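The values are calculated or read from the model by the stated rules, or taken from the named source; none is laboratory data. It should be emphasised that the depicted structure is a prediction, and the values quoted were computed from it without experimental measurement. Virtual Cβ from ideal backbone geometry, glycine too; neighbours counted across all protein chains shown.
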Amino acid sequence: MKKISRLNIEQAIKLQEKLKEEIILQAPFSSSEEIKTIAGSDLHFSLGDKFAYAGIVVLSFPEMEILESVVLKRKVSKLFPYLASLLSFREIPYLIPAFKKLKIEPDVIFCDGQGIAHPRKMGLATHLGIILDKPTVGCAKSLLYGRYEKMPESFKGSYNYLKGMKGEIIGAVLRTKDNVRPVFVSPGHKMNLKLAIEIVLKCCPQYRLPEPLRYAHQVTRITAR
């Protein structure tokens, strides 16, 4: 199969349509108490897109203690165009090698992007989850796709459902901290929405964004300096 970074836009959309048939929206956990480790992933490109820095941080759950951190620097050869609905084709070629460097296999992976809250249900978290065959959660700072009736109430834990064009529930607009902007949570692969919301909230003891994503963001930026 051609490397996904070398596909054109039409080929990428066709691949998403094919892969969405493999999505599993059932988690291998009966509750969050069975989860022991959670990874956060992040990708940063240097000025001029000459190098990519893929960062993965694995934390204990629910303690949120860092267990392992990997940042992989790769020279950029062929970079897929930046299109929000095709973000995975730009990032996955660099994230996968970083995940392969981990010594600790995480139970769940957080992505700074969408899961099934996507026009073809194939956001970054879903695509990555299918490739790695791991439970994934998309936790995005902004809305890509879908609609919701109103903003959730201002307290932590409040949420409203995010729905697709046919009215199906595809995610949640979730308040992770009192009086701050919500995040957009959707299951990626091997995950359900109820559990995704629960673990995102447990990973936000102080800040708006889950700790695994915050730490992954920090290590990639520090390494890229």
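Being touching a helix residue (DSSP H, G or I) at 6+ places or on another chain (Cβ under 7 Å) and either assigned to a strand (DSSP E or B) or surrounded by fewer than 22 Cβ atoms within 10 Å (Cβ to Cβ) (or both): is that true of VAL180 here? Spell out how you get there, then give the answer.
Numbers: touching a helix residue (DSSP H, G or I) at 6+ places or on another chain (Cβ under 7 Å): no; either assigned to a strand (DSSP E or B) or surrounded by fewer than 22 Cβ atoms within 10 Å (Cβ to Cβ) (or both): yes.
No: the conditions fail for VAL180.
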**Q.** Boolean, VAL183 is closer than 20 Å to HIS127 by Cβ, at pLDDT 95 or above and in contact with a Lys or Arg (Cβ under 7 Å, 6 or more places away or on another chain)
**A.** yes
Q) Is there any pair with a first residue in segment 203-223 that is within 18 Å of VAL173 (Cα to Cα) and a second that is assigned to a loop (DSSP other than H, G, I, E, B) and among the β-branched types (Val, Ile, Thr) whose Cβ atoms are under 6 Å apart and which are 6 or more apart or on different chains, and what are they? A) CYS204/THR176; ARG208/THR176; ARG208/VAL180
Q.
If I filter segment 141-156 for residues that are aliphatic (A, V, I, L, M) and not in a loop (DSSP other than H, G, I, E, B), do I get at least one hit?
A. no
Q: Confirm whether SER85 is polar (S, T, N, Q), under 14 Å from the mean Cα position of the chain (by Cα) and farther than 20 Å from GLN11 by Cα.
A: no
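Which one of these is modelled with pLDDT of 95 or more, more than 23 Å from LYS103 (Cα to Cα) and crowded, with 18+ Cβ neighbours inside 10 Å: LEU43, LEU59, LEU15, LEU72?
Numbers: LEU43 fails: more than 23 Å from LYS103 (Cα to Cα); LEU59 fails: more than 23 Å from LYS103 (Cα to Cα); LEU72 fails: more than 23 Å from LYS103 (Cα to Cα).
Checking each option against the conditions leaves just LEU15.
Checking the conditions here, which among LYS50, LYS18 is basic (Lys, Arg) and free of Cβ contacts under 8 Å to residues at least 24 places away in the same chain?
Working: LYS50 fails: free of Cβ contacts under 8 Å to residues at least 24 places away in the same chain.
Result of the check over LYS50, LYS18: LYS18.
Out of LYS156, LYS163, LYS134, which single residue is among the basic types (Lys, Arg), closer than 19 Å to LEU209 by Cα and either without any contact (Cβ under 8 Å) to a residue 60 or more places away in the chain or crowded, with 23+ Cβ neighbours inside 10 Å (or both)?
On the way: LYS163 fails: closer than 19 Å to LEU209 by Cα; LYS134 fails: closer than 19 Å to LEU209 by Cα.
Of LYS156, LYS163, LYS134, the one residue that is among the basic types (Lys, Arg), closer than 19 Å to LEU209 by Cα and either without any contact (Cβ under 8 Å) to a residue 60 or more places away in the chain or crowded, with 23+ Cβ neighbours inside 10 Å (or both) is LYS156.
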(Q) Which of the numbered conditions does TYR53 fail, given that it passes all the others? Conditions: (1) touching a Lys or Arg at 6+ places or on another chain (Cβ under 8 Å); (2) aromatic (Phe, Trp, Tyr); (3) more than 20 Å from ALA140 (Cα to Cα). (A) (3)
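Restrict the check to segment 78-91 and report whether at least one residue is polar (S, T, N, Q) and loosely packed, with under 12 Cβ neighbours inside 10 Å. Spell out how you get there, then give the answer.
Of segment 78-91, the ones polar (S, T, N, Q) are 85, 88.
Imposing the further condition that a residue be loosely packed, with under 12 Cβ neighbours inside 10 Å reduces the set to none.
There is no residue in segment 78-91 that is polar (S, T, N, Q) and loosely packed, with under 12 Cβ neighbours inside 10 Å.
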